[in-house]
1. Residue separation times 0.36 nm, minus the C-alpha to C-alpha distance between SER9 and SER150: what's the value?
2. Short version: ³J(HN,Hα) in whole Hz for each residue of region 67-81, in order, from phi by Karplus 6.51 cos²θ - 1.76 cosθ + 1.60 (θ = phi - 60°), x for Gly and Pro, what are they?
3. Once you keep just the Cα pairs under 8 angstrom separated by 6 or more residues, what percentage relative contact order results for the chain?
4. Any idea of the accessible area per residue across the chain, 1.4 Å probe, to the nearest Å²?
5. Normalized C-alpha radius of gyration of the chain, against 2.2 N^0.38 Å?
6. Using a Förster distance of 41 Å, how high is the FRET efficiency between ASP138 and GLN118, based on the Cβ-Cβ distance and rounded to 0.05?
7. Starting from region 1-71, pick out the trypsin sites (Lys or Arg not before Pro) whose DSSP state is loop and whose Cβ has at most 14 other Cβ atoms within 10 Å.
8. List, in order, the whole-Hz ³J(HN,Hα) value for each residue of region 31-43 obtained from phi through the Karplus relation with A = 6.51, B = -1.76, C = 1.60 and θ = phi - 60°; use x for Gly and Pro.
Amino acid sequence: MSVLKLINSPWRMGAYLFWKLPGAWFMGAQIYTCDPEKCVVRLPYRWRSQNPFRSIYFAAQCAAAELSTGMLGLVALESQPPVSMLVVGFEAQFLKKAGETLLFTCADGAAMLAAIQQAITTGAAQTFTAVSVGRLPDGSEASRMVVTWSFKVKRK
């Protein structure tokens, strides 16, 4: 089964999150849409994702942002030699109170694939910085996350 088919199937992706990322599953993070170029993750505002200040907890926002960038990495790694991926840096800006459902969008798929290809070609670890923006239903930016990934070919 292709990675995109798994990611874009709500029940399969729900099972994957439950098994591999139970914190994101518990908070209600869902893949809204994903293709090789862009991934959008929906993070609902409800009791499992909120803080005592009636907004979405910062850790839930960080998890959704990481998920939106990481799914692009998994898509890019399909049909490639074994490559490890690891978060090596994370920066967050919280620009507006997140009191409603957020959509985290990362549109860095093509550039991430290029970094992975360079890691495969050179054999040296490559880092790639992806940006995920969390938007409220009115389109305003609530948070911006910068996730730095390291890609390295696995040795046999």
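The values are calculated or read from the model by the stated rules, or taken from the named source; none is laboratory data. Keep in mind the model is a prediction, meaning the values are calculated, not measured. With ideal geometry, Cβ positions are generated from the backbone for all residues, glycine too; neighbour counts draw on all protein chains shown. The protein model used for the area step is the full one, side chains on, heavy atoms only, and it has no ligands, DNA or RNA in it. Shrake-Rupley method; radii C 1.70, N 1.55, O 1.52, S 1.80 Å.
1. Values: separation 141, 0.36 × 141 = 50.76 nm, distance 2.72 nm.
Here the segment from SER9 to SER150 would lengthen by 48.0 nm.
2. 4, 5, 7, x, 5, 5, x, 5, 5, 5, 7, 5, 6, 10, x
3. Details: 327 pairs, mean separation 37.0, N = 156.
With pairs under 8 Å counted, the relative contact order is 24 percent.
4. Values: 8410 Å² over 156 residues.
Accessible area per residue, the chain: 54 Å².
5. On the way: Rg = 15.5 Å, N = 156, 2.2 N^0.38 = 15.0 Å.
Here the Cα radius of gyration is 1.03 times the empirical estimate.
6. Details: r = 39 Å, r/R0 = 0.94.
Taking R0 as 41 Å, the efficiency between ASP138 and GLN118 is 0.60.
7. Details: sites: LYS5, ARG12, LYS20, LYS38, ARG42, ARG46, ARG48, ARG54; in loops: LYS38, ARG46, ARG48, ARG54.
When the trypsin sites (Lys or Arg not before Pro) of region 1-71 are filtered for loop state and at most 14 Cβ neighbours within 10 Å, ARG46, ARG48, ARG54 remain.
8. 6, 7, 7, 8, 9, x, 9, 8, 10, 10, 10, 9, 10
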